[in-house]
1. If I histogram all Cα-Cα distances within the stretch 5-107 using bins 5 Å wide from 0, what percent of pairs lands in each bin?
2. Under a point spin-label approximation (7 Å from Cα along Cα-to-Cβ), what is the His306-Leu159 distance to one decimal in nm?
3. Based on the inverse mean of 1/r over its pairs of different Cα atoms, what is the Kirkwood hydrodynamic radius of the stretch 66-196, in Å?
4. Quick check: convex hull of the Cα atoms in the chain, volume per residue, rounded to a whole Å³?
5. For the stretch 194-349, calculate the relative contact order in percent as a whole number, restricting contacts to Cα pairs under 8 Å that are 6 or more residues apart.
6. Using only alpha-carbon positions, what ratio does the radius of gyration of the stretch 170-286 give when scaled by 2.2 N^0.38 Å?
7. Dividing the Cα convex hull volume of the stretch 41-87 by residue count, how many Å³ per residue is that?
8. At 0.36 nm per residue, and after removing the present C-alpha to C-alpha distance, how many nm does the segment from Arg231 to Glu56 gain when stretched out fully?
Amino acid sequence: MMMRSNLQEITKPLVNWFQKEKRDLPWRHTSDSYKIWISEIMLQQTRVEAVKGYYERFLQALPTLEDLAKVKEDELLKLWEGLGYYSRAKNLKKCAELLIQNNLKELPHDYIELMKLPGIGPYAAGSIGSIAYQLKTPAIDGNVLRVMTRLHEDDRDILNSKVRKDYFEKLQKIMPDNSRDFTESLMELGALICLPNGVPLCEKCPISFYCQSYKNQTIHKYPVKKKEVKRKIEEKTILILEYNGLYAIQKRPSKGLLASMYEFLNISSNLQESEVKKWLEDKKITDYQIEDFGSAKHIFSHIEWHMKGYRIKCLSKNNLDLIWASKEELEKKYSIPNAYIKYLNKILS
């Protein structure tokens, strides 16, 4: 690794490039810390294009901190439906409640105080601080780490917290007064030019003159990231129980994966049709029609669900302790996780 001492050289060309080439994104038209906070949390582990619609819909429903603090959890999760990582939405509400309880009308103007709030770590605190409040607090995400490690031919593991801390300190020292544009310029460079998993567009890079890996043609070696843990495979049988145009769903536990969301009845194993029929008989469900509803797969960060679905048209509700919802309620009222999207779309089509 060659760590150059004159990192200040990248500041002006990077900001100038950003001001000319930046994408027109809705959260870039505001200095409201609430709106910037919502956008930054949504953008974590989610593509920009996917966030746009959610961002505008969320703010239309919950335009203020007070609205977010008061919203019912089911309504909140419905607004978040499809974005994934639902703990982000719950932490937004917890944070809003905490601020309102303390008679605060906006997020703190302090990096350390921001990090004390639910769901706000170093990255979010840095981005909110610099973008909303022009604080000199770098936001170190994957895009920024990719840029910085390529600039310096840095072969350290980017998952190591010490590496993030090191770059936070280095970037903090060179941040200009216009910290908002500087923070966003680094993110934008990583998103549009210094690309992952492919050939970076070095000929368009405003700071290629500084980049050691570009100079030495070693770009493909960076960033260095340790091998990820292999995902656990979970087999599931999804039962779509239908009665008189209504569909059976149940609420998931308040803690854990997809907490407090609604789901179709499911069994934690891969059952053949004959085994499903036996399961239904054990539940005293005897009058029904069954059909194969197809297979699906959903990938979480550390788990993969491999699903096989069956549609079961019942002639009665069979006294099952379930919620029976219409198509309209499934679409507009109940927050169904994206894991079940294939089955939900087949019902709604």
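The values are calculated or read from the model by the stated rules, or taken from the named source; none is laboratory data. Nothing here was measured: the structure is a model prediction, and the numbers come from that model. Cβ placement follows ideal geometry from the backbone for every residue including glycine, while neighbour counts extend to all protein chains displayed. Calculation scope for accessible area: heavy atoms of the full protein, side chains included, ligands and nucleic acids excluded. Shrake-Rupley method; radii C 1.70, N 1.55, O 1.52, S 1.80 Å.
1. All Cα pairs, binned at 5 Å, distribute as 2, 11, 21, 21, 16, 10, 8, 7, 4, 1, 0 percent.
2. 2.3 nm
3. 16.2 Å
4. 154 Å³
5. The normalised contact order for the stretch 194-349 reaches 27 percent.
6. Here the answer is 1.96, to two decimals.
7. Output value, Cα hull per residue: 72 Å³.
8. Taking 0.36 nm per residue and subtracting the Cα distance, the gain is 59.7 nm.
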